[in-house]
Number of protein chains: 2
Amino acid sequence: MDVFICLDIGGTNIRAALYPHNKLKPIKHIRIPTQGNGQSVEGRILALIEEIWPKKETVKAIGLAAPGYIDAKTGMVISAVNIPGWVMMPLRKIIKRRFQVPVFVGNDARLAALGEWQYGAARGHHDVVYLTISTGVGGGVIINDRLLMGSRGLATELGHITLQPDGEMCTCGQKGHLESYSSGKAIENYVIEQLRNGKNSTLSNMEVFSTKDIAKAAKEGDAVSKSAFERAGDYLGIALANYLHIFNPSCIVLGGGVIQTGDLILQPMRESLKKHMLGKVYEINLTITTAELGDDAGLLGALAFIKIKKKK
Amino acid sequence: MDVFICLDIGGTNIRAALYPHNKLKPIKHIRIPTQGNGQSVEGRILALIEEIWPKKETVKAIGLAAPGYIDAKTGMVISAVNIPGWVMMPLRKIIKRRFQVPVFVGNDARLAALGEWQYGAARGHHDVVYLTISTGVGGGVIINDRLLMGSRGLATELGHITLQPDGEMCTCGQKGHLESYSSGKAIENYVIEQLRNGKNSTLSNMEVFSTKDIAKAAKEGDAVSKSAFERAGDYLGIALANYLHIFNPSCIVLGGGVIQTGDLILQPMRESLKKHMLGKVYEINLTITTAELGDDAGLLGALAFIKIKKKK
């Protein structure tokens, strides 16, 4: 039987899955920490592929969802903030040399968009905007049944558009980006700032708190926590209005941990989107929905990427 | 000989040109005012096509560049601010019924982008962002050798993205859009506001002034006029950085009357773009250039649109 090996490389874990050529359920699945054993990350990836390599089946291709800027033509990771040392890392070349099968490398958020379109929440649509709101904000766009890559594969950095010149500092070093208002990190930073300014909150007596803690506090009525999600949702709505005007999609898919807090962020988002939309014409036949693939979005995106690339 | 009829419908004039199937120089060209004779605009368009219709040659198709929201699938003008009364105007249907040849209708800025890519400043590129900065701000995008249309043909309203929530009022009724900072109208409004606030300017003694007058005053050293273009260029640079991160094009084409003021707006734009770019990686192989087709962008865009549509 023909099979595909897919990897999802994150800052914390690397996951590998072995997919039969005709199914979405993997035959085998392995998860390892991204760092460890004094090995390089690329060394750990090679060992992981070795480990998941099947004894009987024929591997037809390897697909990788990787973080950071990836030159789609060469499969080179130009840089990846979450993986120290990955600068101009020729990931495709290294893997191809070792395993002698076709290798495809894509940005994780872009591939997740592809996965949601092929197998998830955006099935059947032709024009899709996908945003993932977790620690950071990433995205991918499908236009007329194709993944938007840009001239070098660097398109759809949807978390890094300026919505507020000279606004909050973003992790990328710029100011006022969507990510600096609507990401999990931004929500945490906002609460920290409010506490520093002496605002009352049930979180005041916690030394460290996560976006989940803030969501819990908000649901229990904590005003500071609620306002953190309201601000995040407000800017997310502004960004979505921009993306409607730019892409005129028929489907917007929202994924990532922060979206799982539900109406805490979705309700202010909906109000803001409505307020900022250019006209009702953009709402006709528009579906706004949450992602379906969860943690498997990257792996299934890599699988979809292999299948599209192999057709060409 | 086979010929094509192309129209560019503006708020002030309608232009029609008769193109041989294999050349970019029209055999015949007519310009009429958009309004007049107590006729409806669509009535004037039908009469104009009648007038330019050739005696000997065979008309293979009619292409129209029209303002406003156009449903690309049906050729319906959903609404057009510059042409009063055009709401749900079935432009393609009306023309097709009368002349019995294929009719293609597209938004003027989108078609101008297509024209610049096929025949003008962006020839040979595969991924292009085109912005036209005149009274308003419009745009079009080429992705992987295709015009970005969106699910209903309403994509790339590039002048209408929020760059400053609760910022300056835009002509569309929203606030803080690119158009409300960088358009000719925005530049004029800014100067009017400054004069109202008592600022000194050589324009103070003029009752009415245009963007051209402001450009002239700026070149002669008027501080208020200079700052108007600096502000316009600053926001234009922010928007271009956003579009680099969103589309990763290899070519940006800037057209429209305001761009013809040259470094007055281009210099602050360049500085702002540099400041707001996510990384130098977006600059590699990037060409930023001015439009080449001038007033013919709409007509040649309609011609390119016909040729692409007929190939399908």
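What follows draws every value from the coordinates through simple rules; no lab data is involved. Everything numeric in this text was worked out from a predicted model, so none of it was measured. Glycine also receives a Cβ, built like all others from the backbone with ideal geometry; neighbour counts cover every protein chain displayed.
For this structure, a couple of remarks:
- Within-11-Å neighbourhood charge of B:Leu131 [Cβ basis; K, R +1; D, E -1]: -2
- Centre-to-centre, using Cα atoms only, the range A:293-312 and the range B:30-68 are separated by 49 Å.
- Computed FRET value (nearest 0.05) for A:Gln39 with A:Arg196, which takes r as the C-beta separation and R₀ as 35 Å: 0.30
- Taking other Cβ atoms within 10 Å as a rough exposure proxy, A:Glu51, A:Glu207, B:Glu271, A:Glu168 sort from fewest to most as A:Glu207, A:Glu51, B:Glu271, A:Glu168.
- Sequence-separation-based contact order of the range B:1-63, relative, with Cα cut under 8 Å and 6+ spacing, percent: 42 percent
- Point-charge dipole on Cβ atoms (K/R +1, D/E -1) for the range A:124-291, about Cα centre, debye to 20: 120 debye
- Farthest toward positive dipole pole in chain A [+1 Lys/Arg, -1 Asp/Glu at C-beta], among A:Phe4, A:Gly124, A:Met277: A:Phe4
- Long-range amide H partners of B:Ser79 with built H, under 5 Å: B:Tyr69, B:Met88
- Across the copies of the chain, B:Asn37 has label points (7 Å from Cα along Cα→Cβ) spaced 8.2 nm apart, shortest distance listed first.
- Exposure proxy for B:Val253, A:Val41, A:Val191, A:Val81: other Cβ atoms within 10 Å of each Cβ, ordered fewest to most, give A:Val81, A:Val41, A:Val191, B:Val253.
- Kirkwood hydrodynamic radius (C-alpha pairs) into Stokes-Einstein, the protein assembly as shown, 20 °C and 1.002 mPa s, D in µm²/s: 82 µm²/s
- Projected label points at A:Asp295 and A:Lys219, each 7 Å from Cα along the beta carbon direction, are separated by 1.9 nanometres.
- The string of couplings for the range B:44-61 from the Karplus curve (6.51, -1.76, 1.60, θ = phi - 60°) is 5, 5, 4, 5, 5, 5, 3, 5, 8, 4, x, 7, 9, 6, 9, 7, 8, 6 Hz, one whole number per residue in order, with x for Gly and Pro.
- Note on the range B:150-238: Kirkwood hydrodynamic radius from all Cα pairs is 13.8 Å, rounded to one decimal.
- Dividing the helix sum by the residues of chain B, where each DSSP H run of 4 or more adds -39500 (n - 2.57), gives a mean residue ellipticity at 222 nm of -11500 deg cm²/dmol.
- The residue list B:Tyr235, B:Ala223, B:Tyr181 was ranked by how far each Cα lies along the charge dipole of the range B:125-291 toward its positive end, using unit charges on Cβ atoms, and B:Tyr235 comes out on top.
- Sorted largest first, extent of the range A:168-287 alpha carbons per principal axis (Å): 48, 33, 22
- Pairs of Cα atoms nearer than 8 Å and 6+ residues apart set the relative contact order; for the range A:11-121 it is 20 percent.
- Per-copy distances of the A:Lys212 label point, shortest first, in nm (7 angstrom along Cα→Cβ): 6.5
- With the Kirkwood sum run over all distinct C-alpha pairs, the range A:52-106 has a hydrodynamic radius of 11.9 Å.
- Cα radius of gyration and Dmax for the range B:16-167 (Å): 16.5, 58
- Ordered by the number of other Cβ atoms lying within 10 Å of each residue's own Cβ, fewest first, A:Met169, A:Met277 fall into the sequence A:Met169, A:Met277.
- Kirkwood Rh in Å, taken over the range B:99-152 so that all alpha-carbon pairs contribute: 11.9 Å
- Neighbourhood net charge (12 Å Cβ-Cβ; Lys/Arg +1, Asp/Glu -1) for B:Leu91: +3
- Debye, to nearest 20: dipole size of the range B:1-142, +1 on Lys, Arg Cβ, -1 on Asp, Glu Cβ: 420 debye
- About the centre of its Cα atoms, chain B shows a dipole size close to 1360 debye [charges on the beta carbon of Lys, Arg (+1) and Asp, Glu (-1) only; nearest 20 debye].
- The alpha carbons of chain B stretch over 61, 49, 33 Å along the principal axes, in descending order.
- Label spacing, shortest first and in nm, from B:Arg98 to its equivalents in the remaining copies (7 angstrom along Cα→Cβ): 6.9
- Mean separation of Cα contacts under 8 Å, 6 or more apart, over the residue count of chain B: relative contact order %: 19 percent
- Taking a straight line from the alpha carbon of B:Lys23, these lysines sit under 23 Å away, with near neighbours fewer than eight places off in the same chain left out: B:Lys55, B:Lys56, B:Lys60, B:Lys307, B:Lys309, B:Lys310, B:Lys311, B:Lys312.
- Computed from phi, the 3J(HN,Hα) profile of the range A:258-266 under the Karplus parametrisation 6.51, -1.76, 1.60 (θ = phi - 60°) reads 5, 5, 5, 6, x, 4, 3, 9, 6 Hz, with x in place of Gly and Pro.
- Enclosed volume per residue, in Å³, of the convex hull spanned by Cα atoms of the range B:231-309: 103 Å³
- Dipole of the range B:125-291 [Lys/Arg +1, Asp/Glu -1 at C-beta], most positive-end residue of B:Ile246, B:Gln260, B:Met149: B:Ile246
- Close Lys pairs in the range A:124-291 (alpha-carbon distance under 15 Å; sequence gap of 8 or more, or different chains): 5.
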